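The values are calculated or read from the model by the stated rules, or taken from the named source; none is laboratory data. This one's a predicted model, so the numbers in the text were calculated from it and none came from an experiment. Here Cβ is always computed from backbone atoms with ideal geometry, including for glycine, and neighbour counts include all displayed protein chains. Quick note on the areas: whole protein, heavy atoms, side chains included, nothing else; ligands and nucleic acids left out. Shrake-Rupley method; radii C 1.70, N 1.55, O 1.52, S 1.80 Å.
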Amino acid sequence: MTSAISPVDRKATRSHAADWIELKALESATGSYRSSQYVSALSWDSRSDDDDDGFDDDREVAEFGGDPEIMDGEFDDVLERASDEIRWRQEVLGDLYPFELSSSRRGWVLRLRRELRTRAEVRLARTVYIACLLLSAARHGRIPGLDPTLIAVKPVADAFQRMVFLVSPALLGGPSFWIAFPRPESDDYGPALERLIKAIGSGLLRRRKPPSQTSNKDGGVDVITWRPFADGRSNILISYGQVASGKKWRDKSVKNKLKSHFLKWFEEHPAGHYIPAMYIPHLMHEELRVGKKDTWEELLQDDAHTLEMLLGVVVDRVRMTLFVPDALRLRGGWDATVASELRTIARWVGKAKRALAAS
């Protein structure tokens, strides 16, 4: 059996290394992946078969011709960075994290959690996390062995747009509006903006479509969420968001086309002030490497501050997962559109997981 996952990258950042390990646990017939297997992959770019809990780690390494003590010393830092990242994800997400990391004197094991008797909101949050993991892996070319029709750019982007629509209400605690093309309503941009104004209760479109915008489909804005107030006044809190599943998301910003392609349609804007947002299936720190003079925490905080100035609020895989319980409470009963999108997400994740396990 060949693996659908690309070979391990010895120079991967701690975030990319953790993603690769999570993918290997998903691929495994036992739903687990061990530190000794990771050492083997790093050492020989091999594909270790899944085995039960009773094997001898040192014996396995020796069978490949390596000295266990040398191997441990050589890859200590790599293993520690990857396990630290996984441990951080587990600490932040708690029960919402779909994996569980356990350690012993012989190393660590990452296992996929069982879903028996798990609350619906926890199951959905874990599904969102795994979906984001798979989408991120697809856009980074990390799962080349899967069916190309399943992980092509369009189905990946569409699946992520559905998830953002599902969880984005948790950003401000109010409704969300799907403005990205293609829209579930299949309407043109002008009629879509009319629906938006009606939903928000604020704003006025220009009587005539901007001549330069005849082919405009979504104006560079993908999802809009706002916080209404009980007094019904048009003075509201609003966020315009960009949905970016590609790996070059740092080069994008909802601010780039907001005035020229979105606000240009309005005679009176829905709101003069807004919160820009960026939704990504990756981890916002995925490309970071700590230098010799700084600590990891200092680097994380400084980079997050920079991203806020460039892109606004970044909602990455971890934050999206954390949003799920709040989004479910805000939405209450599912309307037909949300229920349909949720089924589509679940089907895509199911197909991708089965294809990965069968590789």
*Given labels modelled 7 Å from the Cα in the Cβ direction, how far is it in nm from residue 255 to residue 207?*
3.5 nm
*Which pairs break 18 Å Cα to Cα here: 154/248; 154/217; 154/209?*
154/209
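Per the Kirkwood treatment, what hydrodynamic radius in Å, one decimal, follows for region 232-359 from the mean inverse distance over all distinct Cα pairs? Let's see the in-between values first.
Working: mean 1/r = 0.0561 Å⁻¹.
Kirkwood radius, region 232-359: 17.8 Å.
Could you give the alpha-carbon Rg of region 140-211 over 2.2 N^0.38 Å, rounded to two decimals?
On the way: Rg = 16.4 Å, N = 72, 2.2 N^0.38 = 11.2 Å.
Its radius of gyration relative to the 2.2 N^0.38 Å reference: 1.47.
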*Per residue Cα convex hull volume in Å³ - calculated over region 218-299*: 138 Å³
*Relative to the longest principal axis of the chain, what angle (0 to 90°, nearest 10) does the C-alpha long axis of helix 317-331 take?*
50 degrees
*Given the Cα-Cα distance of residue 303 and residue 214 and 0.36 nm per residue of separation, how much length would full extension add, in nm?*
28.2 nm
*Could you give the angle, 0 to 90 degrees to the nearest 10, between helix 120-139's Cα long axis and the longest principal axis of the Cα atoms of the chain?*
80 degrees
_If amide hydrogens are placed 1.01 Å from N in the peptide plane, which non-local residues have theirs closer than 5 Å to the one on residue 275?_
238, 239, 240
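At a threshold of 8 angstrom on Cα-Cα distance, excluding pairs fewer than six apart, so keeping six or more, what relative contact order does the chain reach in percent?
Working: 511 pairs, mean separation 77.8, N = 359.
It comes to 22 percent, rounded to a whole number.
What order, most packed first, do the peptides 285-295, 221-231, 107-117, 133-143 have when packing is the mean number of other Cβ atoms within 10 Å of each residue? The partial results should precede the final answer.
Values: 285-295: 12.5, 221-231: 18.5, 107-117: 14.5, 133-143: 22.5.
Output ranking for 285-295, 221-231, 107-117, 133-143: 133-143, 221-231, 107-117, 285-295.
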_GNM result for the chain, Cα springs below 10 Å: residue of 296, 249, 265 fluctuating most strongly_ = 296
*In square nanometres, what is one fourth of the surface area of the convex hull spanned by the alpha carbons of region 103-262?*
14.4 nm²
*Once you charge only the Cβ atoms, +1 for Lys and Arg and -1 for Asp and Glu, what is the size of the charge dipole of region 220-359 about its Cα centre, to the nearest 20 debye?*
640 debye
_Using 0.36 nm times the number of residues separating residue 106 and residue 248, minus their current alpha carbon distance, what extension gain do you get?_
47.3 nm
*Theoretical gain in end-to-end length, residue 80 to residue 313 [0.36 nm per residue, Cα-Cα removed]*: 80.9 nm
*Principal axis lengths of region 101-174 from Cα atoms, whole Å, largest first?*
44, 37, 22
*Given a 1.4 Å probe and every protein chain left where it sits, what share in percent of the accessible area of the chain is carbon and sulfur?*
50 percent
*Quick one: what are the phi-derived ³J(HN,Hα) couplings along region 241-255, Karplus 6.51/-1.76/1.60 with θ = phi - 60°, whole Hz, x for glycine and proline?*
x, 9, 10, 10, 8, x, 7, 9, 5, 5, 8, 10, 7, 5, 6
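For the chain, report the accessible area per residue in Å² (1.4 Å probe, heavy atoms, rounded to an integer).
Details: 17790 Å² over 359 residues.
With the other protein chains kept in place, the chain gives 50 Å² per residue.
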*By how many degrees, between 0 and 90 and to the nearest 10, does the Cα long axis of helix 153-167 differ from the longest principal axis of the chain?*
70 degrees
*Nitroxide proxy distance, nm - points 7 Å out along Cα→Cβ at residue 115 and residue 340*: 2.3 nm
*Can you work out the FRET efficiency for the pair residue 152 and residue 185, with r the C-beta to C-beta distance and R0 = 22 Å, to the nearest 0.05?*
0.35
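Which trypsin sites (Lys or Arg not before Pro) in region 210-263 sit in a loop by DSSP (not H, G, I, E or B) and have at most 10 other Cβ atoms within 10 Å of their own Cβ? Walk me through the intermediate numbers first.
On the way: sites: 217, 233, 247, 248, 250, 252, 255, 257, 259; in loops: 217, 233, 247, 248, 252.
Sparse-neighbourhood loop trypsin sites (Lys or Arg not before Pro): 233, 248.
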*Exposure of residue 306 as accessible area (Å², to 10), given a probe of 1.4 Å and all protein chains*: 50 Å²
*asked:* If amide hydrogens are placed 1.01 Å from N in the peptide plane, which non-local residues have theirs closer than 5 Å to the one on residue 108?
replied: 35, 36
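What translational D, rounded to a whole number of µm²/s, comes out for the chain from Stokes-Einstein when the hydrodynamic radius is the Kirkwood one over Cα pairs, at 4 °C and 1.567 mPa s? Write out the running numbers ahead of the final one.
Numbers: Rh = 22.0 Å.
Roughly 59 µm²/s, to the nearest whole number.
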